[in-house]
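Here is the structure we will look at, set down as structure tokens.
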Amino acid sequence: MSTNNTKEKKQNFKKSIIWFWILFSSPIIGIFLTVLFVRLFSDLPDTEELQNPKTLLATEIYSSDLKVIGKFYAENRTNVKFHEISPNVVNALVATEDARFFEHSGIDIRALGRAIAGAVTGSSSSGGGSTISQQLAKMLFPREDLSKIGLIIRKFKEWIIAVKLEREYTKEEIIALYLNKFDFVNNAVGIKSAAQIYFNTTPDSLSIEQAAMLVGMAKNPSLFNPNRFRDKSEGRRNTVLQQMCKYGYLTKEACDSIKKIPLKLDFHPEDHNEGLAPYFREYLRDVFLKKWCEENRKPDGTKYDVYRDGLKIYTTLDSRMQHYAEQAVTEHLTDLQAAFFKDCARKKNAPFAWNVSKDEIQTIMNTSMKRTERYRVLKKAGLSLEEIEKIFNTPIPMKLFTWQGEKDTILSPWDSIRYAKYFLQAGFMSIEPQTGYIKAWVGGINHKYFQYDHVQIGHARQVGSTFKPFVYALAIQEGYSPCYRLPNVPTTISYDGKEWTPSNSDDKLNGKMLTIQQALANSVNYISAYFMKQFGPQATVDLARRMGIVSPIEAVPAICLGTPEISVFEMVGANATFANKGTWIQPTFVTRIEDKNGKVLADFVPKTEEVLSEEKAYVMIQLMKGVVTSGTGVRLRYRYKLNQPMAGKTGTTQNNSDGWFMGITPDLVSGCWVGGEDRSIHFNTTDLGQGASMALPIFAKYMTKIYADKSIKLTQGDFEKPAKKIDIEMDCSKYNKELEEGKENFNQTDDFY
């Protein structure tokens, strides 16, 4: 009996041992077989995919002083390297998400066991089992909508990918990959964008409390979004700080002290309407890069994608000059707009001129309505014109632009179109004449509300008397001296079977002998007509073409008074020829394009053409100096105290519809246009509507700011004289004496036809 009991006990013991090993090894074997199955039959990423994971990278736009002035992206991500990330971020991440990150090889067995135990017992304090490497695997190869079984298999895949990542990358590289990939919401994808958007800083400069807030978002970026849930975000930040204290990255004293710091954001949302040079960036994206991407291919034959390929676009814009240009436009237009509102108070058809009929206004408004995105969407949806007009005449809540900020109101879309027409628009560009590099580009007053670019894309406007230097340049080429005197009397030109006799804008100087310099300085139409009769319209058009003007110009006598419609872009480029010793140089705004790895894909060298001799160009500069020293641009001296060497030309078109100014210094040539959205929107009087009042102040404010900035190195001297002696009379001072009487009266009158 005892023998049988002994045998039975031995057999039971053996069974227990067998069952123990079965129970012990089954999970291991199960996991092994599952992993083997996943590896054999699942679509795991290969080595190439792991070494080059698909990541959408933003294209960055750099200014000439290497500031990032904008991005184009599907995801707002720019990668940084590990050494470019603050240790505060790394410490916070490891302490919070994976304390043994530097010890394991992709899977933390202890954390995994704790997570499984927590799942079995229902404990919520056991923490998660995913390592940083596993989380990275999930981000690089996102999960699809899966069943429970599929989700389990997917989890095994992530384990395998995590281990493979650990083999392919160093620990530092994995952390950098993780932080570059993570979406911090609010258009902040990756640590570089997050640092900029939330704190207006760089990843290497993040403080402990800033790093803790960002890392805290890793648990649930939507829930801990500091813009929406500040208290929750601050609480989560403090939890991260506590973890850093727990694992020795912070002392208890430091942790307690930092916890008391309120959550402080310096929020800078990235938007294509915000930041420096929005009009320039839009032109760069929609015109220049679109064409470049069509014409250039990757090594695999596919087109470059500016939203995903992480290109680096190096532009010629100077961030400081661009900032000053935008400031100048804002400062002047704010004051000018107030004056225009007062002017409109006296108009029955405001903002349209008094002589614009109701039918004409209706036509203008209908045209404007059909240009809107709202109309396009409604039309595409199949609505009739009657239905669309009903919608446009129904008041709705909306935001409106004002110079004091956005205004919430209730207004019909139709009335909002008319409201927008009250605002004067502007276009400004500044170029370095020796290189052709564009340094500042302001296409309008507010890109969110007025997206028409008045530098390049928008409708060209009549240039008024800023066209006259092209006419005078023909005279200088033919050997005329700035001091050559002509009678200020009417000139009649026969053309196409008709006779044309222009008049001066006033009669103050009529009948007097004027030097050419005096005539240009005071924009005398009689003298311009005289030269037009001498050289003909076609010669003027040909010269303008050689100086970069590509807009249509009809070869008729009236062009000498500024009837052509030309863009600010072309006018500035053409006037730069005078400052560049007679050589036209193509206005340039991109110097090179690089791929995400820094490989140069394209270099850009501007075209050039010698138009005038160096001597003739210098004479033209001296001629145009008279505009500033004693002509229609004299307020640059007496009002704005700009006494540096400077030349220029004002322009005003009929009915004061357009105000222009071209300003030339040895270092910068700048041009500005100001006017209403439609030509029928303008000041009633020339006092306010002339180029010297509407456009010149923008140039003046811009140059004042630039001269005050000592970090911008400008030539201190005058325009460089040619080495070759100029054998024509240049000093016209002895001829000016007879005009000095009553000088203040005519100096304040600008030019128009």
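The values are calculated or read from the model by the stated rules, or taken from the named source; none is laboratory data. Because the structure is predicted, anything quoted here is derived from the model rather than measured. Note that we place each Cβ from the backbone using ideal geometry, even for glycine, and neighbour counts take in every protein chain shown.
Laid out as a table, the results:
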| read-out | value |
| --- | --- |
| Filter result (touching a residue at least 40 places away in the same chain (Cβ under 8 Å), out of contact with any Phe, Trp or Tyr (no Cβ under 6 Å at 6 or more places or on another chain) and over 17 Å from residue 73 (Cβ atoms)) within the range 297-323 | 317, 318, 319, 320, 321, 322, 323 |
| Pick from the range 269-297, criterion in contact with a strand residue (DSSP E or B) (Cβ under 8 Å, 6 or more places away or on another chain) and part of a loop (DSSP other than H, G, I, E, B), ranking: surrounded by the fewest Cβ atoms within 10 Å (Cβ to Cβ) | 296 |
| When residues of the range 534-581 are limited to those that are of a type in the set (Phe, Trp, Tyr) and under 21 Å from residue 618 (Cβ atoms), the one modelled with the lowest pLDDT | 535 |
| Breaking point among (1) charged (D, E, K, R); (2) in a loop (DSSP other than H, G, I, E, B); (3) crowded, with 19+ Cβ neighbours inside 10 Å, for residue 305 | (3) |
| First in the range 359-375 and closer than 16 Å to residue 676 by Cα, second anywhere and not in a helix (DSSP H, G or I), Cβ under 6 Å, 6 or more apart | 361/352; 364/678 |
| Single residue of the range 715-753 satisfying the filter (hydrophobic (A, V, I, L, M, F, W, C), modelled with pLDDT under 90 and in contact with a Pro (Cβ under 9 Å, 6 or more places away or on another chain)) that is farthest from residue 648 (Cα to Cα) | 728 |
| Test set (1) basic (Lys, Arg); (2) in contact with an Asp or Glu (Cβ under 7 Å, 6 or more places away or on another chain); (3) within 19 Å of residue 582 (Cβ to Cβ) - residue 468 fails condition number | (2) |
| Of residues in the range 226-268 being under 19 Å from residue 201 (Cβ atoms) and polar (S, T, N, Q), the one surrounded by the fewest Cβ atoms within 10 Å (Cβ to Cβ) | 227 |
| Among the residues listed as 212, 176, the single one being under 27 Å from residue 83 (Cα atoms), under 29 Å from the mean Cα position of the chain (by Cα) and at pLDDT 90 or above | 176 |
| Those residues of the range 311-355 which are surrounded by fewer than 18 Cβ atoms within 10 Å (Cβ to Cβ) and assigned to a loop (DSSP other than H, G, I, E, B), in sequence order | 345, 346, 347, 348, 349, 350, 354, 355 |
| Condition met for residue 570 (part of a helix (DSSP H, G or I) and among the acidic types (Asp, Glu)) | yes |
| Residues of the range 532-558 that turn out to be within 19 Å of residue 578 (Cα to Cα), part of a helix (DSSP H, G or I) and not small (Gly, Ala, Ser), as a count | 6 |
| Failed item, numbered, when residue 650 is tested on (1) among the hydroxyl-bearing types (Ser, Thr, Tyr); (2) outside any strand (DSSP E or B); (3) in contact with a Leu (Cβ under 8 Å, 6 or more places away or on another chain) | (2) |
| Answer from 419, 472, 449, 437 - the residue that is out of contact with any Cys (no Cβ under 9 Å at 6 or more places or on another chain), surrounded by 15 or more Cβ atoms within 10 Å (Cβ to Cβ), of a type outside the set (Gly, Ala, Ser) and within 23 Å of residue 651 (Cβ to Cβ) | 472 |
| Residue that is farthest from residue 337 (Cα to Cα) [pool: residues in the range 454-479 that are at pLDDT 95 or above and either part of a loop (DSSP other than H, G, I, E, B) or among the hydroxyl-bearing types (Ser, Thr, Tyr) (or both)] | 472 |
| Residue check, residue 430 part of a helix (DSSP H, G or I) and in contact with a strand residue (DSSP E or B) (Cβ under 7 Å, 6 or more places away or on another chain) | no |
| Of residues in the range 646-680 being among the charged types (D, E, K, R) and crowded, with 24+ Cβ neighbours inside 10 Å, the one nearest to the chain's Cα centre (by Cα) | 658 |
| Residue in the range 186-202 that is surrounded by fewer than 18 Cβ atoms within 10 Å (Cβ to Cβ) and among the small types (Gly, Ala, Ser) present | no |
| Sole residue being among the hydroxyl-bearing types (Ser, Thr, Tyr), free of Cβ contacts under 8 Å to residues at least 40 places away in the same chain and surrounded by fewer than 20 Cβ atoms within 10 Å (Cβ to Cβ), chosen from 503, 551 | 503 |
| All positions within the range 81-98 that are part of a loop (DSSP other than H, G, I, E, B) and crowded, with 18+ Cβ neighbours inside 10 Å | 85, 86, 98 |
| Test: residue in the range 631-645 that is over 31 Å from the mean Cα position of the chain (by Cα) and at positive phi | yes |
| Test set (1) closer than 28 Å to residue 587 by Cβ; (2) touching a Phe, Trp or Tyr at 6+ places or on another chain (Cβ under 7 Å); (3) assigned to a loop (DSSP other than H, G, I, E, B) - residue 489 fails condition number | (1) |
| All positions within the range 569-611 that are of a type in the set (S, T, N, Q), within 24 Å of the chain's Cα centre (by Cα) and buried (at least 16 other Cβ atoms within 10 Å of the Cβ) | 588, 591 |
| Test result for residue 605, free of Cβ contacts under 8 Å to residues at least 60 places away in the same chain and among the aliphatic types (A, V, I, L, M) | yes |
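For every residue, the table says whether it meets (1) touching a residue at least 40 places away in the same chain (Cβ under 8 Å); (2) over 15 Å from residue 464 (Cβ atoms).
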site	(1), (2)
491	yes, yes
494	no, yes
510	no, yes
528	yes, no
538	no, yes
